[in-house]
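One structure below.
What follows is calculated from the coordinates using simple rules that are stated; it is not laboratory data. Quick caveat: nothing in here was measured; it's all calculated off a predicted structure. Cβ placement follows ideal geometry from the backbone for every residue including glycine, while neighbour counts extend to all protein chains displayed.
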């Protein structure tokens, strides 16, 4: 019986890669499984996909997402990384937000040293009812990253060295 021909992937393209890696702006979203997840769920119930073309990674607590995971996401080719947490008053795991902020400062310093612009990292907290704000923030973040990535790609190597701090 007739079978459909298998479409071969373009040269250099991994046919098993998730859709977000097959072109466009690559955004990784680390999200707590509690309040940000509820915000995403409120969008799904209304037929809206909050993460856009990004790939969401759920974690029990955003405090478990260390600098190493964010740096690995960039190393693996992410154009931007979002870290979405619960507001301090709704954290179920007792995250020490002071320590979390100190770790973020350290991460931002490492990213700056590596030449990764600050606008390629989004860190925000969301209440369960803030699905629309979450979707808007992710969309705006993806647009900023796409614009910054396109601008960087348009520069020649000498212009990039001159623009570096």
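Note on residue 43/residue 146: beta-carbon distance plugged into 1/(1 + (r/R0)^6) with R0 of 35 Å gives a FRET efficiency of 0.95.
The distance linking segment 47-89 with segment 128-149 is 13 Å (Cα centroid to Cα centroid, whole angstrom). Computed from the C-beta positions of residue 64 and residue 114 and an R0 of 22 Å, the FRET efficiency is 0.45 to the nearest 0.05.
Once the Cα-Cα distance is subtracted from the 0.36 nm per residue extended length, the residue 102 to residue 55 segment shows a gain of 14.3 nm. Per-peptide packing, taken as the mean over residues of other Cβ atoms within 10 Å, places 91-101, 48-58 in the sequence 48-58, 91-101 from highest down.
The fraction of all Cα pairs in segment 29-148 landing in successive 10 Å bins from 0 to the largest distance is 13, 47, 34, 6, 0, given as whole percents. Sorting 35, 151, 113 from the fewest to the most surrounding beta carbons within 10 angstrom yields 113, 151, 35.
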